[in-house]
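Inspection log for the structure reproduced underneath, given as structure tokens.
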Amino acid sequence: MPRTIIEPFRIKSVEPLRWTTREERLQLLRAAHCNLFLLPAADVLIDLLTDSGTGAMSTHQWAAIMEGDESYAGSKSFDRFRNSVQDIFGYRNVIPTHQGRAAERILFGVMCKKGDVVPNNTHFDTTRANIEFVGAEAVDLVISEGRDPRVKHPFKGNMDVGALEQLIQRVGRERIPLVMLTVTNNSGGGQPVSMDNVRQVSSLCKRHRIPLYFDACRFAENSYLIRLRESGYESKSPKQIAQEMFSYGDGCTMSAKKDGMANIGGFLCTNDDLLAQQEKDLLILTEGYPTYGGLAGRDLEAIAVGVQEALEEDYLRYRIASTAYLGNHIAEQGVPIVQPPGGHAIYIDARAFLPHIPVEQFPGVALAAELYLEGGIRSVEIGTLMFGAAAKMDLVRLAIPRRVYTQSHIDYVVEIILEVWKKRASIRGLKLKYEAPFLRHFTAKLEPS
Ligand SMILES: Cc1ncc(COP(=O)(O)O)c(C=O)c1O
């Protein structure tokens, strides 16, 4: 097989990018108070803010959209959506939602109450918020290797099974309505969970009669990383791996904005019919009738095709290789990143990149601002601005939208990061001018300190 991995698609419709000068970017950065969330997207050259809802759809998805059945109840699009999801996930009940967090709100609203405890490898922020909203406690139990950016381990997203056992002993199974596994572990660097770990967590849950749910946003990337890194899976297809993984659980939440390859949408699955009935009752209250759940028929069609396309081998080979390509090319030159490269994003360790900037002066935000100034690249800080004093690391996440950028775009990103790396000693820290009482990173205003 040739060594060069190419984008497994050709481009039929293009969206022009707008160049800005360094002087313009300096003005734009000032106007945005050094917070890249406050930039107009039109002034961004390469947008790596998120991989959520930012992917490009295929010709098959656009064609399916034209088949969208917009009937309020019992639409054909829902049948196609449910059949496609069931083919991969295997769960009895499939409930559409407008995005991942709506599935979370309904799941925890039905399953959890005040005083309950929900373990996960690492809760994504909306997952944690929805658990805390019902008065329950969200506990992160990722293995210790998953908390150290420099440690290389093939499955840094794994759950610490011993810690889970201890938690169950300590609080009692009655207070744990469900256990979750996030595949891949977004908040822990997009790191995968191994099939062996899924099996171990599943058997522990079964022993204690606790249901196991997946946060399945990046299930296809996780499946491919299992194939690449876990013995016994080399000759299995990503779809077979996904099917096996989900067979160990009782249900899932899903944001179709990631491995659903859609710009909006999500779903909630469960094998428990009684629970599904309660979830659908809640769904009708805020999302919509159970055969559309807050989505248009055409969105259901796009997801039905997208979840299958996400599992295509050519696509996954290119997807995982292009993320690793970015990570490896900057790491080779000394740029400190979370190792090994994850599925959907590269995370730069800003504390190690800018050791002269104290944590209180937001090294991650300063680095993200510099990447924009140098080359119009938008990334996001995951650190002290986002989590306050609770932040264990200051990372800059470069999330790669699916099927959007080509290798030359990524080469450009590498070049800009290496330019900034060369002049890192001259980068200054920042101080806050304004902060909102919660989720301050979205609207904060900063200036050079
Ligand atoms: C792991 C994980 N879970 C849940 C969500 C929430 O999904 P949504 O943004 O569609 O509400 C996200 C979104 O980024 C995520 O990465």
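The values are calculated or read from the model by the stated rules, or taken from the named source; none is laboratory data. All values reported here derive from a predicted model rather than from experimental measurement. Glycine also receives a Cβ, built like all others from the backbone with ideal geometry; neighbour counts cover every protein chain displayed. Keep in mind that these areas ignore ligands, DNA and RNA; they rest on the heavy atoms of the full protein, side chains included. Shrake-Rupley method; radii C 1.70, N 1.55, O 1.52, S 1.80 Å.
What pairs can you find where one residue is in the stretch 113-139 and under 27 Å from Phe155 (Cβ atoms) and within 15 Å of the ligand (Cβ to nearest atom), the other is among the basic types (Lys, Arg) and not in a loop (DSSP other than H, G, I, E, B), and their Cβ atoms are less than 6 Å apart, with a gap of 6+ or different chains?
Going by the 6 Å Cβ cut-off, the qualifying pairs are Thr126/Arg101; Asn130/Arg105; Ala138/Arg128.
Identify all residues within the stretch 406-431 that are closer than 20 Å to Pro363 by Cβ and open to solvent by 50 Å² or more (accessible area, probe 1.4 Å); write none if there are none.
Step one: filter the stretch 406-431 for residues closer than 20 Å to Pro363 by Cβ, giving 413, 416-431.
Hits for the stretch 406-431 are Glu419, Lys422, Lys423, Arg424, Ala425, Ser426, Arg428, Lys431.
Condition first: among the aliphatic types (A, V, I, L, M) and touching a strand residue (DSSP E or B) at 6+ places or on another chain (Cβ under 6 Å). Can you find one or more residues in the stretch 301-309 that meet it?
Taking the stretch 301-309 first, the residues among the aliphatic types (A, V, I, L, M) are 302-305, 307.
Retained after the next criterion (residues that are touching a strand residue (DSSP E or B) at 6+ places or on another chain (Cβ under 6 Å)): none.
No, there is no match, as no residue in the stretch 301-309 is among the aliphatic types (A, V, I, L, M) and touching a strand residue (DSSP E or B) at 6+ places or on another chain (Cβ under 6 Å).
To keep it simple, each residue is scored yes or no on (1) under 24 Å from Pro336 (Cβ atoms); (2) within 12 Å of the ligand (Cβ to nearest atom); (3) β-branched (Val, Ile, Thr).
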site: His98; (1), (2), (3): no, yes, no
site: Gly146; (1), (2), (3): yes, no, no
site: Leu167; (1), (2), (3): no, no, no
site: Val171; (1), (2), (3): no, no, yes
site: Val183; (1), (2), (3): no, yes, yes
site: Ser187; (1), (2), (3): yes, yes, no
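Quick grid of which residues meet (1) out of contact with any helix residue (DSSP H, G or I) (no Cβ under 8 Å at 6 or more places or on another chain); (2) open to solvent by 50 Å² or more (accessible area, probe 1.4 Å); (3) part of a helix (DSSP H, G or I); (4) closer than 26 Å to Tyr347 by Cα:
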| position | (1), (2), (3), (4) |
| --- | --- |
| Ile5 | no, yes, no, yes |
| Val14 | yes, yes, no, no |
| Leu17 | yes, yes, no, yes |
| Leu29 | no, no, yes, yes |
| Thr54 | yes, yes, no, yes |
| Ala63 | yes, yes, yes, no |
| Glu70 | no, yes, no, no |
| Ala73 | yes, yes, no, no |
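Is there a residue being within 28 Å of Tyr289 (Cα to Cα) and assigned to a strand (DSSP E or B) anywhere in the stretch 97-119?
Yes, the stretch 97-119 contains at least one residue that is within 28 Å of Tyr289 (Cα to Cα) and assigned to a strand (DSSP E or B).
Looking only at the stretch 158-177, how many residues end up being touching a residue at least 40 places away in the same chain (Cβ under 8 Å) and within 24 Å of Leu228 (Cα to Cα)? Step through it out loud before you land on a result.
Here is the first cut: in the stretch 158-177, the ones touching a residue at least 40 places away in the same chain (Cβ under 8 Å) are 159, 161, 164, 167-168, 171, 175-177.
Filter again for within 24 Å of Leu228 (Cα to Cα), leaving 159, 161.
Qualifying residue count for the region: 2.
Given the structure, is Glu313 modelled with pLDDT of 95 or more, under 22 Å from the mean Cα position of the chain (by Cα) and among the charged types (D, E, K, R)? Break it down stepwise before answering.
Details: modelled with pLDDT of 95 or more: yes; under 22 Å from the mean Cα position of the chain (by Cα): yes; among the charged types (D, E, K, R): yes.
So Glu313 passes the test.
Check every one of the helices (runs of 4 or more DSSP H) wholly within the stretch 291-386 and list those with 2 or more residues that are over 16 Å from Pro149 (Cβ atoms). Quick ask: steps written out before the conclusion?
On the way: elements: 297-309, 313-331, 350-353, 363-375.
Ranges flagged: 297-309, 313-331, 363-375.
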